[in-house]
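Asker: Here it is, the structure in full.
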């Protein structure tokens, strides 16, 4: 039981039809995790859907080390730890494969393409296009490899 006053969200926000918790079945609205973009630490209490929700899911998937957290299934997240210290050419090839594989668990994502890698000092800047049932968008993420 949650203590009264603990959450400041209206009861209708907990409509089971409005929130999807399965990574394979995200077809509806989900909570806006504003802290992923704005540096805060709170769920905003608002909902998002469409490309914005997919983009948020991509951030979460690519920010979660696969197999590390028992709360996530074994097909959720991105394997990165074994790439540290490897040759950057190998890391780029593996990142492309692993990113595509990690994002394939979300049914809203139909494919990932047009990878571009720029190698910096200890970091690989990546960009790629994510094709979804809602359209496509470009995504960028930096990965440490040293």
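Table: residues versus (1) part of a helix (DSSP H, G or I); (2) modelled with pLDDT under 90; (3) in contact with a helix residue (DSSP H, G or I) (Cβ under 6 Å, 6 or more places away or on another chain).
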{"site": "23", "(1), (2), (3)": "no, yes, no"}
{"site": "27", "(1), (2), (3)": "no, yes, no"}
{"site": "36", "(1), (2), (3)": "yes, yes, yes"}
{"site": "40", "(1), (2), (3)": "no, yes, no"}
{"site": "44", "(1), (2), (3)": "no, yes, no"}
{"site": "60", "(1), (2), (3)": "yes, no, no"}
{"site": "69", "(1), (2), (3)": "no, yes, no"}
{"site": "72", "(1), (2), (3)": "no, yes, no"}
{"site": "75", "(1), (2), (3)": "no, no, no"}
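Asker: For residue 91, work out the one condition from (1) under 17 Å from residue 142 (Cβ atoms); (2) surrounded by fewer than 17 Cβ atoms within 10 Å (Cβ to Cβ) it doesn't fulfil.
Answerer: (2)
Asker: Take the residues in region 81-116 that are in a loop (DSSP other than H, G, I, E, B) and out of contact with any strand residue (DSSP E or B) (no Cβ under 6 Å at 6 or more places or on another chain); name whichever of them is nearest to residue 127 (Cα to Cα). Full working, then the answer.
Answerer: Of the residues in region 81-116, the ones in a loop (DSSP other than H, G, I, E, B) are 84-87, 104-108.
If we keep only those that are out of contact with any strand residue (DSSP E or B) (no Cβ under 6 Å at 6 or more places or on another chain) as well, we get 84-87, 104-107.
Working: 84: 19, 85: 21, 86: 20, 87: 19, 104: 17, 105: 20, 106: 19, 107: 21 Å.
Only one residue tops the list, namely 104.
Asker: Then there is this: Only residues that are within 17 Å of the chain's Cα centre (by Cα) and in a strand (DSSP E or B): list them for region 117-134, please.
Answerer: Within region 117-134, 125, 126, 127, 128, 129, 130, 131, 132 qualify.
Asker: Sticking with this one: From the residues in region 115-126 that are free of Cβ contacts under 8 Å to residues at least 24 places away in the same chain and surrounded by fewer than 14 Cβ atoms within 10 Å (Cβ to Cβ), which one is farthest from residue 85 (Cα to Cα)?
Answerer: 116
The values are calculated or read from the model by the stated rules, or taken from the named source; none is laboratory data. Since the structure is predicted, the reported quantities are computational estimates derived from the model, not experimental observations. All Cβ positions, even for glycine, are placed from backbone atoms using ideal geometry, and neighbour counts span all protein chains on display.
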